[in-house]
Amino acid sequence: MGRWLVLGGTLFLSKAVAATAVARGHEVVCAARGASGGTPAGAKLVAVDRNEPGALDPLRDERFDAVVDVARMSYGWARSAVEALAANTPHWTFVSSISVYADPSAIGGGPDDELLAPRTDETTDMEAYGAIKVASENAVRDAAGDRALIVRAGLLCGQDDVSDRFGYWPNRFSRGGRAVVPDAPGQPAQIVDVLDVADWIVRSGEEHVVGTFDASGPRSTLGAVLEEIAEAVGAPGLERVPVAPDALVTAEVQPWSGPRSLPLWLPDSHAGMTARDTSAAAAAGLRCRPVADTARAALEHERALGLGRRERRAGLTPEDEAGLLG
Ligand SMILES: NC(=O)c1ccc[n+]([C@@H]2O[C@H](COP(=O)([O-])OP(=O)(O)OC[C@H]3O[C@@H](n4cnc5c(N)ncnc54)[C@H](OP(=O)(O)O)[C@@H]3O)[C@@H](O)[C@H]2O)c1
């Protein structure tokens, strides 16, 4: 069994990676502040703050068989990690995003599609997210090209999701009654369970899978995904009430995420983000569970947070929804 370093490990995907690696018998070190939570049982936390210069210096003399970095939006973090640790590491996974592509409307594209121009500045402006991921990927390839797995993740869903996006639907459907849904059943939709990506990352490290992949589930439609969620966790008597996209726009309902939004709904300008060709990742071992299983895991997480909680990062409030139905 190997020795793994997870840069992160206290939240969502990186925590799932650490837990999976422990379950598969590896020795796992997580490097994070510990501010977002604890590491999974069996993993060791080394406290580091990646905003501090030389943050990873305490790990420089250690030897790891595989490193997984989830640096979300910092070229500086991604570059300084490979500079400090990649030379001695046989397998390096960097978690990127399908937001790297120049044309988010392109349907059915793959990893060779044109990318955004890289950005290396430090900013919290989410407009820069994809461009910073491009620069971060380049830094990883420069330092560890033949040992690097670049995982361009699609919409991660399920257990411990911090974004409140996918979970809105199992939550809403489980409460029954009349639920507003976008009248866009044919819109592309594509999700992936966080545990499936974590499992693939760990197996890829073990089997030395390298290269750049779009990592998401099979292509589907919004209508089919909402149907699967409703069948899995919908309350008896749930009525899905389609509202035309134009009416949603007029009512200032946001697509995709954020307050007063309908998650998974996308304008045509971004429909390609949930219509990637993920066959290469599937051929390289990414196995995706049914949407129904992800819906049940997401509902369990939503229940733990409180189904009726007022503070959500995404979705409609009951008042928003009543206004639309009225
Ligand atoms: N969510 C999606 O649908 C989606 C889609 C595509 C791609 N992605 C990518 O998938 C990855 C998700 O990673 P994730 O789920 O683990 O969540 P994340 O929010 O990207 O990463 C969180 C980890 O980073 C650590 N961290 C934050 N600030 C830190 C600091 N100053 N110093 C050291 N560690 C720090 C956190 O630990 P502490 O706070 O405890 O320090 C935590 O363990 C990201 O790369 C994201 O861009 C996500």
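Listed here are the residues, each with its yes/no results for (1) on the phi > 0 side of the Ramachandran plot; (2) within 18 Å of the chain's Cα centre (by Cα); (3) part of a helix (DSSP H, G or I).
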| site | (1), (2), (3) |
| --- | --- |
| L286 | no, yes, no |
| D293 | no, yes, yes |
| R303 | no, no, yes |
| R310 | no, no, no |
| A322 | no, no, yes |
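List the strands (runs of 3 or more DSSP E) inside the range 155-222, counting only whole elements, that have at least 2 residues being within 16 Å of the ligand (Cβ to nearest atom) and modelled with pLDDT of 95 or more. I'd like the intermediate steps shown before the answer.
On the way: elements: 155-157, 178-182, 191-193, 211-215.
By residue number, 155-157, 191-193, 211-215.
Of the set (1) over 18 Å from A16 (Cβ atoms); (2) at pLDDT 95 or above; (3) not hydroxyl-bearing (S, T, Y), all apply to G237 but (2). So in the range 245-272, with the set limited to residues that are assigned to a loop (DSSP other than H, G, I, E, B) and in contact with a helix residue (DSSP H, G or I) (Cβ under 9 Å, 6 or more places away or on another chain), which one is farthest from L115 (Cα to Cα)? So, considering only residues that are assigned to a loop (DSSP other than H, G, I, E, B) and in contact with a helix residue (DSSP H, G or I) (Cβ under 9 Å, 6 or more places away or on another chain), the one farthest from L115 (Cα to Cα) is A251. Among residues of the range 67-79 that are within 18 Å of S36 (Cα to Cα), those with a Cβ under 6 angstrom from a residue that is surrounded by fewer than 19 Cβ atoms within 10 Å (Cβ to Cβ), sequence gap 6+ or separate chain, pair up as M73/Y129.
For the range 27-53, taking the residues that are in contact with a Gly (Cβ under 8 Å, 6 or more places away or on another chain) and in a loop (DSSP other than H, G, I, E, B), the one that is nearest to the ligand (Cβ to nearest atom) is identified as T39. No other residue among L238, L248, L262 is surrounded by 15 or more Cβ atoms within 10 Å (Cβ to Cβ), more than 22 Å from P188 (Cα to Cα) and in contact (Cβ under 8 Å) with a residue 24 or more places away in the chain apart from L238. Among A21, A31, A43, which is touching a strand residue (DSSP E or B) at 6+ places or on another chain (Cβ under 7 Å), touching a residue at least 40 places away in the same chain (Cβ under 8 Å) and buried (at least 19 other Cβ atoms within 10 Å of the Cβ)? Sole residue among the options that is touching a strand residue (DSSP E or B) at 6+ places or on another chain (Cβ under 7 Å), touching a residue at least 40 places away in the same chain (Cβ under 8 Å) and buried (at least 19 other Cβ atoms within 10 Å of the Cβ): A21. If you go through the range 54-89 and keep only what is part of a helix (DSSP H, G or I) and of a type in the set (S, T, N, Q), you end up with S80, N88.
Within the range 1-18, restricting attention to residues that are under 16 Å from E207 (Cα atoms) and surrounded by fewer than 23 Cβ atoms within 10 Å (Cβ to Cβ), which residue is farthest from the ligand (Cβ to nearest atom)? For the range 1-18, the residue satisfying everything is M1.
The values are calculated or read from the model by the stated rules, or taken from the named source; none is laboratory data. In this text the structure is predicted, and so the values were computed from the model without any measurement. A quick note on method: Cβ atoms are made from the backbone with ideal geometry, for glycine too, and the neighbour counts reach across all protein chains shown.
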